[in-house]
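Notes follow once the structure below has been shown.
The values are calculated or read from the model by the stated rules, or taken from the named source; none is laboratory data. What you are looking at is a predicted structure, and each value in this text was computed from that prediction instead of being measured. Because the Cβ atoms are built from the backbone with ideal geometry, glycine has one as well, and the counts that use them run over all protein chains shown. Note: areas computed on protein heavy atoms with side chains; ligands, DNA, RNA excluded. Shrake-Rupley method; radii C 1.70, N 1.55, O 1.52, S 1.80 Å.
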Amino acid sequence: AGKAWWSAYPMYALGRWMRLSPLVGVLLLTTVGLLPALGDGPMWSLGGAEGDACRAGGWWLNLLYVQNLFALAAPDSALWRCEGHLWYLANDMQFFLAAPLFAYPLVTRPAAGWALLAAALTASTAANAVIAAVNGYAASPLFDQTYFTNVYIQPWTRAQPFLVGAAFAAFWDRLQGGAAPLARRHSPASAASHARRADPAWLVWGLAAGAAAVMLALSFGTLGLYSALPSPWGDAQNVSYIALSRLGWPVGLSAVAYLCFSGQAPLVNGLLSWWPLQVFGKLTFAAYIVHPVVMYGVNYSTTAPIEFSDIWFAKSFTSFLAWASLLALLLWLLAEKPAANLLAL
């Protein structure tokens, strides 16, 4: 089994690269060659920094998915700012490459696999806390660029959601009868018999309330952080949020997933499984890739400085969402889906 795993690893990694890279390539070509010619006006040239970084050679960092590591090694270089919003794809690729290192022991030696997951999760949480405390970072990359390059985008400090997700996947697989062959375990009859559960009411409501409390606190609990500049948060608040926020969110999400998968949250599961959301879900990757192009085109084509207001934010969000979704549909039809079909051959 070990030999087969290692022999399949190159194609495993190549498949992921080919899954992500077509849209990244389209974005790079648009930013470098097409975007400068799409508009003009007094503000148009103010938004060209990312394009300049790409033309200067930063494009290859995106295609190798190492821009976050390059930012740590050379924070003063402009190259890693090429398509700055794609920093998360570097994390995605790095976690994907590391996933078999956790999955293999979980399958072959579960005790060792769980110990490895626990150790990695503890180390990631400790790294967040120690780096934040030593450097006195505020819990927002908007306030400190070094926090962004040293903590916010690095895989060892952003690994908590990946590790919690891996732990939940292993836990759910075990509930489904993890030692059974995959074909029998995921047959319709097996899925029907294993998925639905009847946990005690206190556990169901406890998981639901706990997930809601944690996720709402993480979503709205940072109001004080952004209420003034410099931020009024003290060291304890900043370190706690930096160390625990990316841990708490996937824990809450895992609780929601458990309740949905086990048939104990039918209303939530029905909403999240609603077919329009499933259709839109197919477009979210392309929308993520292309949305800065939409924002660039709208914001820098104005002839006067933007005056921020609630109405401006509402109108801008609506137009950005609509245009990004439309472009995402075109990209899905012309690039993403054809590339996925080639991978399936």
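Could you figure out which of (1) of a type outside the set (A, V, I, L, M, F, W, C); (2) closer than 26 Å to residue 330 by Cβ; (3) open to solvent by 20 Å² or more (accessible area, probe 1.4 Å) isn't true of residue 45?
Among (1) of a type outside the set (A, V, I, L, M, F, W, C); (2) closer than 26 Å to residue 330 by Cβ; (3) open to solvent by 20 Å² or more (accessible area, probe 1.4 Å), residue 45 violates only (2).
Given the conditions (1) open to solvent by 40 Å² or more (accessible area, probe 1.4 Å); (2) at pLDDT below 95, which single one is not true for residue 231?
All conditions are met except number (1).
List the pairs whose first member sits in segment 223-247 and is aliphatic (A, V, I, L, M), whose second member is surrounded by fewer than 17 Cβ atoms within 10 Å (Cβ to Cβ), and whose Cβ atoms are under 7 Å apart, counting only residues at least 6 apart or on separate chains?
239/129; 239/133; 243/129
For segment 69-92, what are the residues that are part of a loop (DSSP other than H, G, I, E, B) and more than 24 Å from residue 16 (Cα to Cα)?
Residues of segment 69-92 that are part of a loop (DSSP other than H, G, I, E, B), as a first pass: 74-78, 82-83.
Passing the criteria: 74, 75, 76, 77, 78.
Yes/no per residue for (1) farther than 25 Å from residue 156 by Cβ; (2) in a helix (DSSP H, G or I); (3) open to solvent by 40 Å² or more (accessible area, probe 1.4 Å):
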site	(1), (2), (3)
197	yes, no, yes
204	yes, yes, no
212	yes, yes, yes
215	no, yes, no
226	yes, no, yes
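For segment 36-50, which residues satisfy the criterion of being under 7 Å from residue 301 (Cα atoms) and in a helix (DSSP H, G or I)? If you could, list the steps in order and put the result at the bottom.
Taking segment 36-50 as the starting set, the residues that turn out to be under 7 Å from residue 301 (Cα atoms) are 39-41, 43-44.
Passing the criteria: only 44.
Mind checking which residues of segment 317-337 are open to solvent by less than 50 Å² (accessible area, probe 1.4 Å) and in contact (Cβ under 8 Å) with a residue 40 or more places away in the chain? Can you show your working first?
Just the residues of segment 317-337 that are open to solvent by less than 50 Å² (accessible area, probe 1.4 Å), to begin with: 319-320, 324-325, 328, 331, 335-336.
Matches in segment 317-337: 325, 328, 331, 335, 336.
Having 2 or more residues that are farther than 20 Å from residue 31 by Cα and open to solvent by 40 Å² or more (accessible area, probe 1.4 Å) is the bar; report the helices (runs of 4 or more DSSP H) wholly within segment 258-306 that clear it. Walk me through how you get there before you give the answer.
Numbers: elements: 266-272, 275-281, 284-299.
Qualifying helices (runs of 4 or more DSSP H): 266-272, 275-281.
Need pairs with beta-carbon distance below 8 Å; first residue in contact (Cβ under 8 Å) with a residue 40 or more places away in the chain and under 15 Å from residue 51 (Cα atoms) and within segment 283-307, second outside any helix (DSSP H, G or I) and charged (D, E, K, R); sequence gap 6+ or separate chains.
Partner pairs satisfying both residue conditions: 292/83.
Which residues, counting only those in segment 85-110, are surrounded by 17 or more Cβ atoms within 10 Å (Cβ to Cβ) and free of Cβ contacts under 8 Å to residues at least 60 places away in the same chain?
Listed by number, the list holds a single entry, 105.
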